[in-house]
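Here's the structure, in structure tokens; my notes come after.
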Amino acid sequence: MTDHEHSPTIVLNGEHHELSGAASALDLIAEVTGRELNPDGTPTDGGRLGIALAVDGEVIRRGAWSDFTLADGHTVDIVTAVQGG
């Protein structure tokens, strides 16, 4: 099967999510947050992101997001930091 016949599907926060071809963790975070990100994972607008990412139960460092390619079947959890008590 070729890539254009089947887009990779991951489980994102418990829901099936189809990727648009080969995608890095950085691409996914940008898509989910609706924000443009620098290669180091920081927002291009200079703001704070407050996001943590785990793939198959392993936390992926923000600086590694651009180099981490998501694959069919990965289980991805994106957690947003919340302030308060």
Exercise. Sum up the charges of everything whose Cβ sits under 9 Å from the Cβ of S20, counting Lys and Arg as +1 and Asp and Glu as -1, but leave S20 out.
Key: -3
Quiz item: What figure in square angstrom, to the nearest 10, would you give for the accessible area of I51 with a 1.4 Å probe?
Solution: 20 Å²
Practice problem: For the chain, state which trypsin sites (Lys or Arg not before Pro) are in a DSSP loop and have at most 16 other beta carbons lying within 10 Å of their beta carbon. | Solution: R35, R48, R61
Quiz item: Over the Cα atoms of the chain, how large are the radius of gyration and the largest Cα-Cα distance (Dmax), in Å?
Solution: 13.2, 50
Quiz item: Ordering S24, S7 by how much accessible area each has at a 1.4 Å probe, largest first, what is the list?
Solution: S7, S24
Quiz item: For the range 9-80, what's the relative contact order in percent, using C-alpha pairs closer than 8 Å and at least 6 residues apart?
Solution: 44 percent
Quiz item: Which of the GluC sites (Glu not before Pro) found in the range 1-51 are loop residues per DSSP with 12 or fewer other Cβ atoms within 10 Å of their Cβ?
Solution: E5, E36
Quiz prompt | Accessible area of the range 9-80 belonging to carbon and sulfur atoms, whole % at 1.4 Å probe | solution = 48 percent
Quiz item: How much accessible area per residue does the range 9-80 have, in Å², with a 1.4 Å probe?
Solution: 57 Å²
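The values are calculated or read from the model by the stated rules, or taken from the named source; none is laboratory data. What you see is a predicted model; the values in this text were computed from it and never measured. Cβ atoms come from the backbone with ideal geometry, glycine included; neighbour counts cover every protein chain shown. Remember, those area values only see protein heavy atoms, side chains included, never the ligands or the DNA or RNA. Shrake-Rupley method; radii C 1.70, N 1.55, O 1.52, S 1.80 Å.
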